[in-house]
Structures are given as C-alpha cells and as structure tokens.
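Structure record follows, encoded as structure tokens.
The values are calculated or read from the model by the stated rules, or taken from the named source; none is laboratory data. Values in this document were obtained by computation on a predicted structure and should not be read as measured data. In this analysis, Cβ positions are derived from the backbone assuming ideal geometry, glycine residues included, and neighbour counts consider all displayed protein chains.
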Amino acid sequence: MQLSDKKYAKRLKDFGLSLVTKYKSGDKIIEKSSESTLNEDIENGIRLEKNYLRGGNSVFKLFNFDPRIKYTFINPAKRKSCPNCGADIDSQSGECPYCGTAYNMDYESKNLGAKYHTDLVMHSGTYKKITLIIDIIISFIISYIYIKTTGRTFNGWDFSKVLIGTALLTLAFYYVFYYLDSFFILLPIKIYKEKINAAQEKFWAENSAQINKNTFFNNLNYELQKYYFEGEKTKNVLDFDFVDYTTISKEEINGEKIINIEVLVREVFINAGKIKSRQNDLKLKLKHVKREYSLENAGGVALKCKNCGTSIDAFLTECPSCGTRQNYLQEWYLV
C-alpha cells in the first residue's frame, strides 16, 4: 500500500468497512482487497468495480471507471524504481519505503467508445433527474388531453384524475424515457468529450519531451490521496476516483513550471451513517520541483535543503537547521 493507502485503509476501518476492487488485466479478472496485500499482481489493469463491505456484506458498489486509466501493481519479486518518487523499491516489501507507493498509474490517450459515454450519461444523477422531469411533463400533458377530450366537463375531480394519471404514466414510462432521452443528448456530449480528449492529446504531444505523463499522473494521484486522507475537511470521505480530466494547460511563473488541470472526481463519503457518492470538479495547480535526492547504501534517502544545503532525512517536512519547508519526493506537487 502507498502512504495514503495506509491512511485510507485506516479510514475504512474507522467506519467498519473494507473494500474489494475488481480489475480486468488481459483476459483475467483480478480482485484486490483493502484488508490484505496477498493478492495477485496486476499489469495494466482497468478498474471494473469497487465493492464496499461491512461485516463481509456488500453495502455499496461503484461502476463506470475511466478505461484510459490502467494500474500496475508492483511485483515484490522484482526490484524496481518507485513510479511516484523514483526511489528503489525493496524486493521484499513490494512498496516504496519512502513514499509508500505500490503501483503505477498509466493514463492513455485514446478514443472512448459509445458505450463509455452512454454509461457515463445514464448513470449520472443529473440525467436521472432530467429524465424524471421530462417524464412527468409529458405524462401530465397526455393525461390532461385524455381527460379533457373524453369528459363532458372539466372540474376539480377531473383535475385529480389528471394528477393520478400523471403519476401512473410517470411510473409506466420512466424507463422508456430513461433510454429514449439518452439518444437525444448522447451525441452532443460524446462530441464535447472527444473534443476535450483531443485537446489533452495535443497537450501531451507538444509537451511529452519536457513532462513525463505517467510520472505526472502518479504524482497527481498521490497528492490527491494526501488531500483526501490526511485533511480534516475531508475526514468523512472514504474513497475517490477520477471520472475525467477536463482541461490541462501549463504556464511558467518566475522560472517555475506550473500545470493547471481540472479534474472531475467521484467522491465516496459517509453521511448520517450511509455511504453516498458525488462528483466534484477540482481546479488544481501542480508545481514542478527538481528532485535533489540520492539513494544511499545505508537505506536512506537524503534530501538537500533548498535553502541552506543541509542533507536531511526524506521523511522530515522541514530542515532541522534552518526550518525551511521541504518539497515532497515526487516531481509534481499541489500548490
């Protein structure tokens, strides 16, 4: 588990929960549990499902994950460099001893099929509400016309019939409208989403020589985990996952590289004892820092203080000599 995964597992445990995540890796379906690290390794796995359990029983499930994101869980039998901070990973632990990362997250630029967009639209709470409103309006119009044209008079009792008819037709026609409406709104949404995806592809094509995309997204994920699982404001959040990266751009301020990225995040949280989910649009700035550390035979990572040059332990958040706050181990961090 990575550093924040340990806190994440504790967060789940504090609420009496565990999580089983299902991945598709090649032709295999593999499950990972928050309660154990003794699971099969995963290479380029796409998330299919998250199942939240209490007392061994499923209480909440999530589906519809971005297929452009692929996860590779590090094989502990092989010594590798950490995908997040670059340090050597102990062959026995299978996780980075400095930042704790245990997996690599790759983000692919690829065209998303119609099914992805259909699922994204039809599982949206907003879409369901719009469908219900359309259903009620059309059902009311049909009921009103029928009662008005078939009756000799139209009084308060007849209006009650219209309301009853509206309720019955709404129940009967909801799923008809649920699927019918998607055909009318799906095409413009698909066009819009593919336009965003094309803009992202252009950004990485122009900046791939200066910015390692996989490192960037691993660092972004790591930073968001710290945001969600180490802060007081988000102490009721159980989990999060990326729904989409909507915009990305870069700028340079006083010679420092800054990436601006807008991320649509799905948050899973506890409210009045119940598990719920919501989408949150985060506008983030990530700053680039030159990693000034070297691996030492003694098993430690030495960071060079950017202010006074003192060699300090990587776990310290500030220099013991001058008190300067130190950068994180990764190349990109939230500002």
Legend entry - Boolean, residue 179 is buried (at least 17 other Cβ atoms within 10 Å of the Cβ), among the aromatic types (Phe, Trp, Tyr), in a helix (DSSP H, G or I) and at pLDDT below 85: no
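Would a scan of segment 87-103 turn up a residue that is of a type in the set (Phe, Trp, Tyr), within 30 Å of residue 193 (Cα to Cα), at pLDDT below 85 and not assigned by TED's automatic domain parsing to the domain that holds residue 197?
Scanning segment 87-103 turns up at least one residue that is of a type in the set (Phe, Trp, Tyr), within 30 Å of residue 193 (Cα to Cα), at pLDDT below 85 and not assigned by TED's automatic domain parsing to the domain that holds residue 197.
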Legend entry - Residues (over 9 Å from residue 135 (Cβ atoms) and of a type in the set (Val, Ile, Thr)) located in segment 147-177: 147, 149, 150, 153, 162, 164, 166
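Per-residue answers, yes or no, for (1) modelled with pLDDT under 85; (2) at positive phi; (3) crowded, with 19+ Cβ neighbours inside 10 Å:
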position: 17; (1), (2), (3): no, no, yes
position: 68; (1), (2), (3): yes, no, yes
position: 77; (1), (2), (3): yes, no, no
position: 112; (1), (2), (3): yes, no, no
Legend entry - Enumerated strands (runs of 3 or more DSSP E) restricted to segment 218-335, each holding at least 1 residues that are under 30 Å from residue 19 (Cα atoms), at pLDDT below 85 and not assigned by TED's automatic domain parsing to the domain that holds residue 192: 237-253
Inset, instruction - Residue by residue through segment 130-145, note down the ones that are modelled with pLDDT of 80 or more and more than 22 Å from residue 156 (Cβ to Cβ). - result: 132, 133, 134, 135, 138
